[in-house]
Amino acid sequence: MKPKILFVALLALLLSALAPSPIVHAQGEPPTPYYVVQPGDTLSAIAYRFGVNLQTLAKANGITNIAHLQSGQKLIIPGIEGVQGELTTREVALGDSLTGLSRALNVPEKTLERLNRLLTPYQLFAGRSLILPAAAAHKTDFPRRFLADGRPLLEAALSQQLSPWALVLANHLPGTWAAIPEDVLILPGTHAPTTATGLPDTLTLSITPQAWVQGHTGEVRLSAPSKTPPHGTFGKHSLHFFPLKAGQFVALQGVFALAEPGLYPLGVEITLPGGQTFHFQQAIPVVRGQYASERLVVPASLLDPHLNAEEEKRFEALTAPATPTRYWQGIFKAPVAPPLDKCHPSYFGTRRNYNDTFFWYHTGLDFCGRVGTPIYAPADGVVVFTGTTEIHGKVTIIDHGWGVYTTYCHQSAILVKQGQTVHTGDLIGKVGRTGRVTGPHLHWEVWVGNVPVEPLQWLEKRFP
Ligand SMILES: [Zn+2]
């Protein structure tokens, strides 16, 4: 690099450091932060996006009729301190980090933290509304690249035909030495990608649904130029990724039905063909499922929390391996024939209070049936367990691959053997009343990623 260019770049760096923060109190603007009402806005939607109480927002602006909101009207946003000027909001994209957003929008991290009352970076999850200075909101999103392990910034810059200082400036680094390996950098002066996320352009990550639900199945997909599946974690669970097609991996994971609603860390790590490692971590919100509660009074002799926990542990151990072969395809078929397939004496997830002494939830979906009603395989798989247990009676467990299992309890007869391959619709057993039950029925469980999940989802939806 010529010394003259270096001097100009250094001067620019110095000036940018001395320049005032982008949120300045321009002349004629109200001294408090405000939002300009856009066509289609409602007061409650604005209140939600800015995280303020509707009444507080109405009162701060002297609004008595919340239906009378005019496009272009300036609304004071109460409760935000130390910031002035026009504000707006945008949705946090998958992979966005505070550092990345601060770079892309040219807003100091501290300002974003203050505006969004962020206490930890984990509070920044995809889909969350992010409050921004309006001046920053229409900034173009730049393509992003990440640095290979040990690759100096100079080399990264040269490969993009950029000056290292251009990278330093665009990424608000204190100097060329400050870029750390695996850091995602913005490349100035190049065209914006069609979808803006905080991920490098070579990777596509999708997490479905955006917020995970207690007892439901979540899906993580990653497209990457790699033949080696990624590693990942969700809370305390390891994610098991398998190739869906060339360059695309998928992991399915159940959410524990009694998981405390809140934010759970999801991490994905992939090694690319060049040996570079990319690590992604972001919080996923877990929200409450719609489950009923019931109070059951059962004879004390049938209630044995210790034994229940013991059998649960046994099922957990049997459903822990994630078989690399995927046996199932498409939506599961109900394990009993119509009309019994629509008859459910009890649903999955119901919170159960036994005699006011033991609290748990219903880990499966119950189907009506008499002793002898045929039970069919809902999908292709391999039988991994048959046997009799104290509480669940005669039990069969089928492995469908990729960490997906189904279990059949209280049967009167088991018609398959361990190690046997079964196909959709095969007769595998008969409904009964074995184990601790009050009447004949089929208790059917679906396990995903070592967690019992809502079986109705698998009867209605295609995974993956
Ligand atoms: Zn049941």
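Coordinate-derived values only; no laboratory data. As the structure is a computational prediction, the values presented were derived from the model and not from experiment. Cβ placement follows ideal geometry from the backbone for every residue including glycine, while neighbour counts extend to all protein chains displayed.
Applying the criteria of a DSSP loop state and at most 16 other Cβ atoms within 10 Å to the trypsin sites (Lys or Arg not before Pro) of region 201-288 yields K227, K236, R288. Sparsely packed loop sites in region 27-108 (the GluC sites (Glu not before Pro) outside DSSP H, G, I, E and B with at most 14 other Cβ atoms within 10 Å) comprise E81. In loop segments of region 297-379 as defined by DSSP, there are no trypsin sites (Lys or Arg not before Pro) with at most 11 further C-beta atoms inside 10 Å of their C-beta.
Taking amide H as placed 1.01 Å from N in the peptide plane, A257 has its amide H under 5 Å from the amide H of G215, each at least 5 places away in sequence or on another chain. Under conditions of 25 °C and 0.890 mPa s, region 210-287 yields 189 µm² s⁻¹ as its translational diffusion coefficient, taking Rh as the Kirkwood radius over Cα pairs in the Stokes-Einstein equation. Return the subset of K313/K333; K342/K417; K245/K333; K394/K461; K245/K430; K236/K461 for which the Cα-Cα distance in this structure is over 32 Å, preserving the input order. Beyond 32 Å: K245/K430. What the Cβ-Cβ distance of T202 and R288 gives, at R0 = 35 Å and to the nearest 0.05, is a FRET efficiency of 0.45. K74 label point, 7 Å along Cα→Cβ, cut-off 13 Å on backbone N: hits in region 37-52? Only 37 fall inside the zone, counting backbone N under 13 Å.
Take the Cα of V298, step 7 Å toward its Cβ, do the same at T56, and the gap between the two points is 4.6 nm. Once the other residues with Cβ under 15 Å from the Cβ of G51 are scored (Lys, Arg +1; Asp, Glu -1), what is the net sum? My count for the surroundings of G51 gives +2.
Dipole check for region 293-460: with +1 at the C-beta of Lys and Arg, -1 at the C-beta of Asp and Glu, and the Cα centre as origin, the magnitude is about 340 Debye. Placing a label point 7 Å from the Cα of R462 along the Cα-to-Cβ direction, no residue of region 213-229 has its backbone N under 11 Å from that point. Between region 233-259 and region 311-335, the C-alpha centres lie 14 angstrom from each other. One decimal place: the segment D341-K417 gains 24.9 nm when fully extended, by the rule 0.36 nm per residue minus the C-alpha distance.
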